[in-house]
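K.L.:
Below is the structure I would like to discuss, written out as structure tokens.
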There are 2 protein chains.
Amino acid sequence: MSAPPLYGGIEAGGTKWVCAIADADGKVLATRVIPTTTPETTITAAVRFFREHRTLAAVGVGSFGPVDLRTGSPTYGHITATPKPGWSGTDVVSPLRAALRVPVGLDTDVNAAALGEWRRGAGRGLGTVAYMTVGTGIGVGAVVNGRPLHGLLHPEFGHVRIPHDRTRDPFAGSCPFHGDCLEGLASGEAMRRRWGQRAEDLDDPAAWELEAEYVAHAVMNLTYALSPERIIVGGGVTKRAGLMGRTRARAFDLAAGYPAISALTDRAAMDEYVVSPSLGDHAGITGAVELAMRCFA
Amino acid sequence: MSAPPLYGGIEAGGTKWVCAIADADGKVLATRVIPTTTPETTITAAVRFFREHRTLAAVGVGSFGPVDLRTGSPTYGHITATPKPGWSGTDVVSPLRAALRVPVGLDTDVNAAALGEWRRGAGRGLGTVAYMTVGTGIGVGAVVNGRPLHGLLHPEFGHVRIPHDRTRDPFAGSCPFHGDCLEGLASGEAMRRRWGQRAEDLDDPAAWELEAEYVAHAVMNLTYALSPERIIVGGGVTKRAGLMGRTRARAFDLAAGYPAISALTDRAAMDEYVVSPSLGDHAGITGAVELAMRCFA
Ligand SMILES: Nc1ncnc2c1ncn2[C@@H]1O[C@H](COP(=O)(O)OP(=O)(O)O)[C@@H](O)[C@H]1O
Ligand SMILES: Nc1ncnc2c1ncn2[C@@H]1O[C@H](COP(=O)(O)OP(=O)(O)O)[C@@H](O)[C@H]1O
Ligand SMILES: [Zn+2]
Ligand SMILES: [Zn+2]
């Protein structure tokens, strides 16, 4: 009898790649964190880690992006235009497949996190779940009927436009493309540029009131756009004590009870609707391993 | 041998119900338009129409809403809170099923229109398609991987918040819940209230410039939220000559080339991305018939 299969997962971020090996139950047996340098060095280091272990059945990658997910596209698995130097046009799938000789599953970092939380975290048992990260940037992933949401490319919800009252907040926004889109107003990077200090060092209550306003707009626009059964909000900025609570309160007010679903009409139900990831920082890698398993589904 | 099956469809709107009978190829054999009065009178008239014909295999309903689509919910098939007098809490499914003794498929009016265009119109062959109507109100439906998008309830994209420059447009918005949400700013009703005349009578170029701005925001937020392969924009307001063209031009500018997909980087591709319904006003009824056929899928 052969040994039970092992699966590899990569949370491929712009700063670091987190690699993990898990058993068929999703239990993580080993991990390694690799700094994101050049594509070649980074991918080679990931391959080296996986080779230190017994042969894997498949590898799953949750990648920073934008990344081409259209199977059949000539640039499938390539990171498209990214500000990250050296990475535009990088194929993150073929080198792994060639070196490890196993199937490679791919999705965005945020879709992987959504999938991880849906499979083993705060989204378990639900049909449609959205995962939003408010970190250096803002991204949203979603699982609809058990499948990550794709489309023309994949959602780029960080770039939706939301109301921006320039009297209250004269900051022009930090998005290089759009200025004051959601990410340009509410990401950690936007906070740093607006206030001149890192979000973790920022104590001005007005700053956090404003941040809750923007994140609440994101939550409500996501509600009206996608109607998820739960919205999971993670990322470094949400570690700020009180931000999630303020966001829920403001989202509840913005909804004004419409439509008449309990999360929007019953303040306690809102607390169950907008939640922190129950896998904490492990949502992404959990989802990446799940992407590996799905190579055989 | 028994006769080939017939299917019934109802586009159940707040002003009128359009009923149709179609063959298994979707070819419409008979239609009737019934004014929406009280629930009982309206539903009875629809039943009478269907009874004039050979027994149907199933009936599909694309309903105004909000409507409870959660199979298993005690209020499945009920219209929930609607401003339409007499209709809040109306069960639109059971009376049809009881009277006609056939399965009844249900979805929202906009999901039905999205499904109709996806099956037989401008969305044919695509994976994810969004349909937006800009009429008296604003609604969005979507088909994701061949299935209408549901969730906690169903999307209510008309109520997303978009940028509203009160210097350019001091109108406070017409949404009874939110004031200046998308519908509150850009629906036909919003135009009537802002300008004091019906949209079809309005010739001020500034009014249509502003309308294109808002519809372009809707198109781009939908792009970033859902990443559909095509956005089909219908509804009475879009009949205005020039509006669709202006909307595409403005959406292209708002996108600023991000992400680098052809619709957002190549102005000609944008013309194929944001389109009018190829079924014209028949998208909804076509989708309703499709909902009937899906009772057996
Ligand atoms: N405790 C904290 N409170 C507020 N902001 C924080 C905190 N910790 C990290 N951040 C901010 O979160 C961002 C980093 O987000 P994170 O999700 O950790 O990584 P990334 O988005 O880069 O993958 C930075 O902008 C940082 O300033
Ligand atoms: N040719 C036109 N140009 C601009 N607006 C129009 C035109 N025809 C109808 N409208 C507007 O469209 C709205 C009605 O939209 P429609 O899609 O026909 O119905 P509904 O949304 O009520 O189902 C009204 O607000 C009306 O003023
Ligand atoms: Zn942006
Ligand atoms: Zn509204």
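K.L.:
In region B:6-109, if the dipole is taken from +1 on Lys/Arg beta carbons and -1 on Asp/Glu beta carbons about the Cα centre, which of B:98, B:18, B:86 is farthest to the positive end?
P.N.:
B:98
K.L.:
Consider all pairwise Cα distances in the protein assembly as shown and report the whole-number % of them above 37 Å.
P.N.:
35 percent
K.L.:
Could you pull out every residue, at least 5 positions away or on a different chain, whose amide H is within less than 5 Å of the one on residue A:108? Hs are placed 1.01 Å off N in the peptide plane, and Pro or chain starts have none.
P.N.:
A:63
K.L.:
Taking the Cα centre as origin and putting +1 on Lys and Arg beta-carbons and -1 on Asp and Glu beta-carbons, what dipole magnitude results for region A:6-109, to the nearest 20 debye?
P.N.:
That gives a dipole near 240 debye.
K.L.:
Given an 8 Å cut-off on Cα distances and at least 6 residues of separation, report the relative contact order of chain B as a percent.
P.N.:
Value for chain B: 22 percent.
K.L.:
On a 0 to 90 degree scale, rounded to 10, what angle separates helix B:283-293 from the longest Cα axis of chain B?
P.N.:
Tilt of helix B:283-293: around 40 degrees.
K.L.:
Search the structure for amide H atoms under 5 Å from the amide H of residue B:142, placed 1.01 Å from N in the peptide plane, and list their residues when 5 or more places away or on another chain.
P.N.:
Answer set, sorted by chain and number: B:131, B:149.
K.L.:
While we're on this one: Specify the residue with the greatest mean-square fluctuation among B:250, B:168, B:32, computed from a Gaussian network of chain B linking alpha-carbon atoms under 10 Å apart.
P.N.:
B:168
K.L.:
Okay, next question. Excluding residues fewer than 8 places away in the same chain, name every one of the aspartates and glutamates whose C-alpha is closer than 16 Å to that of residue A:16.
P.N.:
A:40, A:109, A:281
K.L.:
Now for a separate question. Could you report the protein assembly as shown's accessible area per residue, 1.4 Å probe, as an integer in Å²?
P.N.:
With the other protein chains kept in place, the protein assembly as shown gives 39 Å² per residue.
K.L.:
Picking from B:178, B:215, B:144, whose Cα lies most toward the positive end of the charge dipole for region B:122-276 (charges on Cβ: Lys, Arg +1; Asp, Glu -1)?
P.N.:
B:144
K.L.:
While we're looking at this one, here's another question. Could you list the square roots of 5 times each eigenvalue of the Cα gyration tensor of region B:76-177, that is, the equivalent ellipsoid semi-axes, sorted largest first and rounded to whole Å?
P.N.:
That gives 29, 22, 10 Å for the three semi-axes.
K.L.:
Using the Karplus curve 6.51 cos²θ - 1.76 cosθ + 1.60 with θ = phi - 60°, what ³J(HN,Hα) values do you get for each residue of region A:39-54, in whole Hz, with x for Gly and Pro?
P.N.:
The phi angles translate into x, 5, 4, 5, 5, 4, 5, 5, 4, 4, 4, 5, 6, 5, 10, 3 Hz.
K.L.:
Further question on the same structure: Return the distance in nm (one decimal) between the two label points of a simple spin-label model at residue A:262 and residue A:45, each offset 7 Å from Cα along Cα→Cβ.
P.N.:
Here the modelled spin labels are 4.7 nm apart.
K.L.:
Using a 7 Å offset from the Cα along the Cα-to-Cβ direction at both residue B:70 and residue B:203, what is the distance between the two label points in nm, to one decimal?
P.N.:
Those two pseudo-labels are separated by 5.2 nm.
K.L.:
Run the label-point distances for residue B:257 please: 7 Å along Cα to Cβ, every other copy, nanometres, shortest first.
P.N.:
Copy-to-copy label distances at residue B:257, shortest first: 4.9 nm.
K.L.:
Another question, then. Relative contact order (percent) for region B:1-41, with alpha-carbon contacts under 8 angstrom and 6 or more residues of separation? Walk me through the numbers before you get to the answer.
P.N.:
Working: 61 pairs, mean separation 13.3, N = 41.
For region B:1-41, the relative contact order is 33 percent.
K.L.:
In addition: Anyone know which of A:112, A:122, A:24 comes out most mobile in the 10 Å Cα GNM of chain A?
P.N.:
A:24
K.L.:
Scan around residue A:82 for amide H atoms under 5 Å from its own, H built in the peptide plane at 1.01 Å from N, and keep only partners 5 or more places away or cross-chain.
P.N.:
Result for residue A:82 returns A:88, A:89.
K.L.:
Moving on to the next point. Can you give the FRET efficiency for residue B:166 and residue A:195, using 1/(1 + (r/R0)^6), R0 = 25 Å, r = Cβ-Cβ distance, to the nearest 0.05?
P.N.:
Numbers: r = 26 Å, r/R0 = 1.02.
For residue B:166 and residue A:195, the calculated efficiency is 0.45.
K.L.:
May I ask you to evaluate 6.51 cos²θ - 1.76 cosθ + 1.60, the Karplus curve with θ = phi - 60°, for each residue of region A:116-121 and list the ³J(HN,Hα) values in order in whole Hz, giving x for glycine and proline?
P.N.:
Result, rounded to whole Hz: x, 5, 5, 6, 9, x.
K.L.:
What gaps in nm, shortest first, separate residue A:37 from its twins in the other copies when you place the label 7 Å past Cα toward the beta carbon?
P.N.:
Spelled out, the distances from residue A:37's label point are 8.0 nm.
K.L.:
Let me check against my output: what whole-number percent is the relative contact order of region A:6-109, with C-alpha pairs under 8 Å and at least 6 apart?
P.N.:
27 percent
K.L.:
At 20 °C and 1.002 mPa s, grab the translational diffusion coefficient of region A:139-232 from Stokes-Einstein with a Kirkwood Rh over Cα pairs, rounded to a whole number in µm² per second.
P.N.:
The calculation lands on 150 µm²/s.
K.L.:
Quick one: what are the phi-derived ³J(HN,Hα) couplings along region A:151-168, Karplus 6.51/-1.76/1.60 with θ = phi - 60°, whole Hz, x for glycine and proline?
P.N.:
Karplus values, whole Hz, x for Gly and Pro: x, 4, 10, 6, x, 10, 4, x, 9, 5, 8, 10, x, 9, 8, 6, 6, 6.
K.L.:
Follow-up question, since we're still on this one. Based on the alpha-carbon gyration tensor of region A:182-297 and its eigenvalue square roots a ≥ b ≥ c, which shape applies: rounded if a/c is under 1.5, prolate if not and a/b is larger than b/c, or oblate?
P.N.:
oblate
K.L.:
Using a simple charge model, +1 on the beta-carbon of Lys and Arg, -1 on the beta-carbon of Asp and Glu, nothing else, what dipole does the protein assembly as shown show about its Cα centre, in debye to the nearest 20?
P.N.:
Rounded to the nearest 20 debye, it is 1140 debye.
The values are calculated or read from the model by the stated rules, or taken from the named source; none is laboratory data. Predicted, not measured: the structure shown is a model, and the values here were computed from it. Cβ: placed from backbone, ideal geometry, glycine included. Neighbour counts: every protein chain shown. Surface accessibility is based on the protein's heavy atoms, side chains included, excluding ligands, DNA and RNA. Shrake-Rupley method; radii C 1.70, N 1.55, O 1.52, S 1.80 Å.
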